[in-house]
Amino acid sequence: MSDVWILVLGMALVTFLSRYPVLVILGRIPLPAAILDALQYVPVAVLTAICVPMIFRPGGGWFLDPTSPYLAGGLATVLVAWYCRQLLLTLLVGMSVFFLWKWLWSV
């Protein structure tokens with residue numbers, strides 16, 4: 001078995017063992033409604049924390065160039081998501097604007 005597979009399996013094991021006990025304990029006790037309501041915002045917060053640095057800092061420094069495909073794709077994605085609230089359409093429009101913008105400014 002190669003070192004890469006050992007590393008991947010080790011990371012999977014550590015991730016599983018660090019999260020499973022918490023899920024088992026929380027699955028047996030009822031949580032207050034306020035906590036359940038707050039947990040609904042976790043996916044949005046995590047996605048925002050991942051995407052915002054990629055949009056505004058693709059090269060490591062602050063980057064607000066109007067020719068940036070990251071900025072154009074991100075803005076298009078936010079607008080479509082806010083207006084339509086359809087995941088597939090949002091992904092298609094965001095990726096299309098990103099690649100079109102990248103192609104237009106590279107020609």
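The values are calculated or read from the model by the stated rules, or taken from the named source; none is laboratory data. Every value quoted in this text rests on a predicted model; they were computed, and no experiment measured them. Positions of Cβ are backbone-derived with ideal geometry, glycine not excepted, and every protein chain shown enters the neighbour counts.
Any idea how many residues of the range 49-59 are loosely packed, with under 10 Cβ neighbours inside 10 Å and within 20 Å of A81 (Cα to Cα)?
2
Within the range 1-34, which residues are exposed (fewer than 10 other Cβ atoms within 10 Å of the Cβ) and either in contact with a Leu (Cβ under 8 Å, 6 or more places away or on another chain) or β-branched (V, I, T) (or both)?
Passing the criteria: V4, V22, V24, I25, I29.
Residue by residue through the range 36-48, note down the ones that are under 16 Å from A81 (Cβ atoms) and either aliphatic (A, V, I, L, M) or not assigned by TED's automatic domain parsing to the domain that holds A72 (or both).
V44, A45, V46, L47, listed by residue number.
Kindly provide the set of residues from the range 83-104 that are touching a residue at least 24 places away in the same chain (Cβ under 8 Å), surrounded by 13 or more Cβ atoms within 10 Å (Cβ to Cβ) and of a type in the set (A, V, I, L, M, F, W, C), ordered by number.
Answer for the range 83-104, where residues must be touching a residue at least 24 places away in the same chain (Cβ under 8 Å), surrounded by 13 or more Cβ atoms within 10 Å (Cβ to Cβ) and of a type in the set (A, V, I, L, M, F, W, C): V97, F98, W101.
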